[in-house]
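**Q** Take a look at this one; I'll ask things after.
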Amino acid sequence: MPISFKEVTYTYSPNTPFAYEALKGVNVDFTEGKITAIIGSTGSGKTTLVQHLNALLLPTNGEVEILDRVIRANSKPKELKLLRQKVGLVFQFPEYQLFEETIIKDVCFGPLNFGVDQKTAIIKSKAMLRLVGIDSSYDERSPLELSGGQKRKVAIAGILAIDPQLLVLDEPVAGLDPQASKSMMNLFVELNKRYHKTILIVTHNMEHVLTYCDEVVVVDAGKVIKHVSTKVFFEDDRLLTELHITPPAIIKAKQALRSKGILIDDNVLSIDELAKAIAKVVNHE
Amino acid sequence: MNNIALGRYIPGDSIIHKLDPRIKISCMLLLLIAIFIPTGFYGYLLISIVALIALSIAKLSISFVLKALRPMMFMMIMLMVINILVVKTGSVLIEIYGFQIYDGAVFQTLYIFIRLILMILITTILTATTKPLDLTLGIEDLLEPFVRFKVPAHEIAMMISIAIRFIPTLIEETQRIMKAQASRGVDLQEGKFKEKIMAILSLIVPLFVSSFQRAEDLANAMEARGYVPDAKRTRYKQLHVRTSDILILVLVFMILAGMIVMAILL
C-alpha cells in the first residue's frame, strides 16, 4: 500500500500577514517495509511533512495517499482515528505528552482510545514497555519521576502499544546519550525486521542514517529533492557538499582508502568490520 | 488558536504607534474614565469619534476590532440579558413570560453595551499599537510614584512582561501536545462526555508540568545571571516624552473636561 505525496503544499496561518508556506509541492513515494531517514536542515519542512502522514495537518494543495486512505486538499476527511491507529507518530521530545498517574496507565491510554479492551491493552502495554527496556518494577510508578531518557522510552512505548503499521519518529534520539540512542535505534531495526513495520525517522545524525536506514529522503526548502538508497546517498559527493553534510567517519575512511587503491566492500558499515576488512587486505599482501 | 486578536500587537509606524507608552497608557485611562461620566448619547458619540479617528490613524481595520470583540460577546450578551430583566425603572414596555421589560432597563442596557464596546475598542487600540515590552516599561514608570507605598513596581512589570513573553510559547506548546495526544487517539471534537474530560486532562496535565518546568528553568537562568529584583537597574531602552506626546495628552484632558462639562450642563 502506498505512502505517497503528490504536489503537496502546506501554508501555516493562510490569508494572514503571518502566512508561511512550509511545503512547496512535495512529491515523494516512501517504500513500504523499509527504514527511511528523512533529513534536511532546520526549518526545511521535515516536521510539517511527517505531520501529514496521520492527517494532523491537511494539505493546502495536492494529495497525500497513506495506506488505504487518500487525503485531498479542501475536503474534510472523516474517521481520522482509523488512520491514526495505522500511523503511529512519535513527536520530538515525546516525554512532554505523559500525563497519567502510572506508567502502565499512560502506555494503555493510546490502545484504549482506539477501542482495545482493558485486558488486551495492559498485556500489550507491558510487552511494549519490556521491549523498550523499562522493567516491570516501574509499571506502577508515576511517569513524572523518571529520568529524561526513561520518559522518552515510555512515550515511545505508548505509541508502539497502539500497534501501528507505519511508525513515524521525529528525532527520536535527540538529547539521549550514545548508549541509549544506540539501543533505541536497534529497537527500530528490530521492529522493522521482526514485525515488518515501515519506519520513517527524521534525523540529523548521519552515522545513524548510515548504520540503520535503508533509504534517504532529503527535504530542502519545502521540497523533497532526493530519494535514494543510503548507499547511493553517501557516494554522491556533490550532493553531500551541496547540503553541507559531513559524511560519517567510516565513509571518509573508505574514500581515503579507495583513493590509495584499496577497495573495501560496500557492506562494511561499522568500524569493527572496517578494521577486519583492512586486516584482510593487509594479510593478503 | 493563531487568530486571537484580543491584545495582539500589530506592527506599524503611525503617530499612535510612536507615542510614548506612558502617555499612551495615561490617555487610555483618561478615556476610560471619560466613558463612565454620564453624559448620555452625545458623550459617547464624542468618544466614539475620537476612538475611530485614533483607529484610522493607527491604520487598524474595523474587522480587527470586531475579531477582538468576539471572545467577549458571550459575556456581553449575558450581562445585557440579566440587565434588561432585572432593572425596573421607567414604564413597562412589554411583558414576556411574566417578565416585565421597562424602558429604563432598555436604555440602561444600551448604555452598558456602548460603554463595553468603547472600552474594548480603546484598550484594543492601546495593545495593538504598543509593543508588549514597551507597555510593561510604561506600566513600571507609571507605578514608580507608588514605590513609596511599598508597591513593587519593577516586580509587577517583570511579571507582566514574562507572562506576555510566554503566551505564544504556551499556545505553541498546547498545539504540540494536542497533536501528540491526537496521535494517541484523542478526539477533542467527537466522543462521549467522559472521553472529553479525559481528553482535556491529557492536555492540561502535560501543559502544567512543562509550565512549572519552564518557570523553574527561567528562574534559575535569571539567578545565574545575577538577577536581584530590588536592585537598582539601568535600562537599555530610554523613554522620552516629546512635544507631540504632550499635545495628545492635553487633547485627551480636554475631551475629559468636555465630558465633565457636558455632564453638568445637560
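**Q** If A:GLY62 satisfies all but one of (1) modelled with pLDDT of 90 or more; (2) within 14 Å of chain B (Cβ to nearest Cβ); (3) within 25 Å of A:THR198 (Cβ to Cβ), what's the number of the condition it fails?
**A** Condition not satisfied by A:GLY62: (2).
**Q** Where the second residue is assigned to a helix (DSSP H, G or I) and among the small types (Gly, Ala, Ser) and the first is without any contact (Cβ under 8 Å) to a residue 60 or more places away in the chain and more than 16 Å from B:ARG115 (Cα to Cα) and lies in segment B:69-87, which pairs have Cβ atoms under 8 Å and are six or more apart or on separate chains?
**A** Listed pairs, sorted by first residue: B:LEU85/B:ALA105; B:VAL86/B:ALA105; B:VAL87/B:GLY104; B:VAL87/B:ALA105.
**Q** Here are some residues: B:SER244, B:SER202. Which one is within 14 Å of another protein chain (Cβ to nearest Cβ), small (Gly, Ala, Ser) and touching a residue at least 12 places away in the same chain (Cβ under 8 Å)?
**A** That would be B:SER202, the only listed residue that is within 14 Å of another protein chain (Cβ to nearest Cβ), small (Gly, Ala, Ser) and touching a residue at least 12 places away in the same chain (Cβ under 8 Å).
Conditions tested, residue by residue: (1) over 22 Å from A:THR47 (Cα atoms); (2) touching a residue at least 60 places away in the same chain (Cβ under 8 Å).
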site: A:ALA180; (1), (2): yes, no
site: A:GLU190; (1), (2): yes, no
site: A:VAL202; (1), (2): no, yes
site: A:ASN205; (1), (2): no, no
site: A:LYS226; (1), (2): no, no
site: A:ASP266; (1), (2): yes, no
site: A:LYS280; (1), (2): yes, no
site: A:HIS284; (1), (2): yes, no
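**Q** Now a separate question. Could you list, in sequence order, all residues of segment A:107-147 that are at pLDDT 90 or above and among the hydroxyl-bearing types (Ser, Thr, Tyr)?
**A** A:THR120, A:SER125, A:SER136, A:SER137, A:TYR138, A:SER142, listed by residue number.
**Q** For B:VAL209, only one of the following conditions fails: (1) touching a Lys or Arg at 6+ places or on another chain (Cβ under 8 Å); (2) under 30 Å from A:PRO143 (Cα atoms). What is its number?
**A** The failed condition is (1).
**Q** Please give the number of the condition B:HIS240 fails out of (1) part of a helix (DSSP H, G or I); (2) under 19 Å from B:CYS27 (Cα atoms).
**A** (1)
**Q** Can you pull out the residues in segment A:71-86 that are in contact with a strand residue (DSSP E or B) (Cβ under 6 Å, 6 or more places away or on another chain), surrounded by fewer than 17 Cβ atoms within 10 Å (Cβ to Cβ) and not in a loop (DSSP other than H, G, I, E, B)?
**A** Correct list: A:ARG72 only.
**Q** Identify, please: which residue in segment A:96-132 is of a type in the set (Ser, Thr, Tyr) and assigned to a helix (DSSP H, G or I) and is, among those, surrounded by the most Cβ atoms within 10 Å (Cβ to Cβ)?
**A** So in segment A:96-132, the residues of a type in the set (Ser, Thr, Tyr) come out as A:96, A:102, A:120, A:125.
Those left that are additionally assigned to a helix (DSSP H, G or I): A:96, A:120, A:125.
Values: A:TYR96: 19, A:THR120: 12, A:SER125: 27.
It comes out as A:SER125.
**Q** What are the residues in segment A:225-264 that are modelled with pLDDT under 90, in contact with a strand residue (DSSP E or B) (Cβ under 8 Å, 6 or more places away or on another chain) and assigned to a helix (DSSP H, G or I), if any?
**A** Once the filter is applied, which keeps residues that are modelled with pLDDT under 90, in contact with a strand residue (DSSP E or B) (Cβ under 8 Å, 6 or more places away or on another chain) and assigned to a helix (DSSP H, G or I), segment A:225-264 yields only A:LEU239.
**Q** Further, regarding this structure: Could you grab me the full set of residues in segment B:135-171 that are surrounded by 16 or more Cβ atoms within 10 Å (Cβ to Cβ) and of a type in the set (Val, Ile, Thr)?
**A** Scanning segment B:135-171 gives B:THR136, B:ILE139, B:ILE160, B:ILE164.
**Q** Take the residues in segment A:260-269 that are under 19 Å from A:PHE233 (Cβ atoms) and surrounded by 12 or more Cβ atoms within 10 Å (Cβ to Cβ); name whichever of them is nearest to the chain's Cα centre (by Cα). Reasoning before the result, please.
**A** Taking segment A:260-269 as the starting set, the residues that turn out to be under 19 Å from A:PHE233 (Cβ atoms) are A:264-269.
This time we only want the ones that are surrounded by 12 or more Cβ atoms within 10 Å (Cβ to Cβ), so: A:264, A:268-269.
Numbers: A:ILE264: 29, A:VAL268: 23, A:LEU269: 20 Å.
Among residues in segment A:260-269 that are under 19 Å from A:PHE233 (Cβ atoms) and surrounded by 12 or more Cβ atoms within 10 Å (Cβ to Cβ), the one nearest to the chain's Cα centre (by Cα) is A:LEU269.
**Q** Let me ask something else about it. Return only the number of the condition from (1) under 25 Å from A:GLY175 (Cβ atoms); (2) within 9 Å of chain B (Cβ to nearest Cβ) that A:ARG84 does not satisfy.
**A** (1)
**Q** Only one of (1) under 30 Å from A:SER147 (Cβ atoms); (2) away from chain A (no Cβ under 14 Å); (3) in a helix (DSSP H, G or I) fails for B:THR174. Which number is that?
**A** Checking B:THR174 against (1) under 30 Å from A:SER147 (Cβ atoms); (2) away from chain A (no Cβ under 14 Å); (3) in a helix (DSSP H, G or I), the one that fails is (2).
The values are calculated or read from the model by the stated rules, or taken from the named source; none is laboratory data. This one's a predicted model, so the numbers in the text were calculated from it and none came from an experiment. All Cβ positions, even for glycine, are placed from backbone atoms using ideal geometry, and neighbour counts span all protein chains on display.
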